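Throughout, read-outs are computed from the coordinates displayed, never taken from laboratory work. Computed from a predicted model, the values in this text were never measured in an experiment. Cβ placement follows ideal geometry from the backbone for every residue including glycine, while neighbour counts extend to all protein chains displayed.
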Amino acid sequence: MAKKSTYYANSSHYDEAIRTLRTNIQFSDIDNQLKKIVVTSSIPDEGKTTVAVNLARSFAQNKFRVLLIDCDLRNPSVHKEMKVDNKVGLTNVLLNKKDLVHSLMKDYGEDYFDILLSGPTPPNPAEILSSKAMRDLIEEVEDQYDYIIIDTPPTGIITDAAIVSTLADGVLLVARSKYTKKEQINQAIENIKNVGSRIIGVVMTFAESSKNTYPDYYK
């Protein structure tokens, strides 16, 4: 299991914040379950991948079947967080028709947690993510898992996150405390809303842990 990054000042505060985030997602819409969740940010280095990994793991620890997909085909980070090689993953499944089951990896110690890494970097990420093969894959795994957490590139820079968000039930936007500018957050929200997708919350990362936990969540 990947270790928490060194910038977590208080691991107990962090774990509690992740549990709160998980609970808020579970009960935020009783009539329409938030099952497919995109995690993105406005700009790089805001901690979105760490949030995605640990949110997925938190669901799995509560016996939910969870799939984490790394859809950041330009600068993937899930394999770095998990400390594994990125030789096989999403692009192999979509482009080479590699069997999905043999493309998945397990999070060590978490029987309910599967991970589909990004795989080799393709020359045309946006076209791949908007393909019928990608839509078919999401439909396939939706029947197999309770939650699907999707890590994407920052939405304020390229269109990939907006494209993938149209396949999801909602989007979590990660923003770094004292780093991300308000106009960058607003632009990211606008990019998501422009394709008809739904922002379900914002996760504030790298916040001081004296009173506020990391990450903070608000609707």
Subject >> GNM result for the chain, Cα springs below 10 Å: residue of Ile158, Ile150, Ile185 fluctuating most strongly >> reply: Ile158
Subject >> All-pairs Cα distance distribution in region 45-153, expressed in whole percent, bin size 5 Å >> reply: 2, 13, 25, 26, 21, 10, 2, 0
**OP:** Give me the net charge of Ser58's neighbourhood, meaning all other residues with Cβ under 12 Å from the Cβ of Ser58; Lys, Arg count +1, Asp, Glu -1.
**Re:** 0
Original post:
Pairs Lys35/Lys193; Lys98/Lys193; Lys36/Lys80; Lys48/Lys106: which are spaced more than 29 Å apart, C-alpha to C-alpha?
Top reply: Lys98/Lys193
Original post:
Among Thr23, Thr166, Thr40, whose mean-square fluctuation peaks in a Gaussian network model of the chain (Cα, cutoff 10 Å)?
Top reply: Thr23
Original post:
Counting only DSSP beta bridges with both residues in the chain, what percent are antiparallel, rounded to the nearest 5?
Top reply: 15 percent
Subject >> Dipole of the chain, positive direction: furthest Cα of Asn62, Phe27, His13, with charges on the beta-carbon >> reply: His13
Original post:
P(r) of the chain in 5 Å steps, Cα pairs, percent per bin?
Top reply: 1, 7, 16, 21, 22, 17, 10, 4, 1, 0
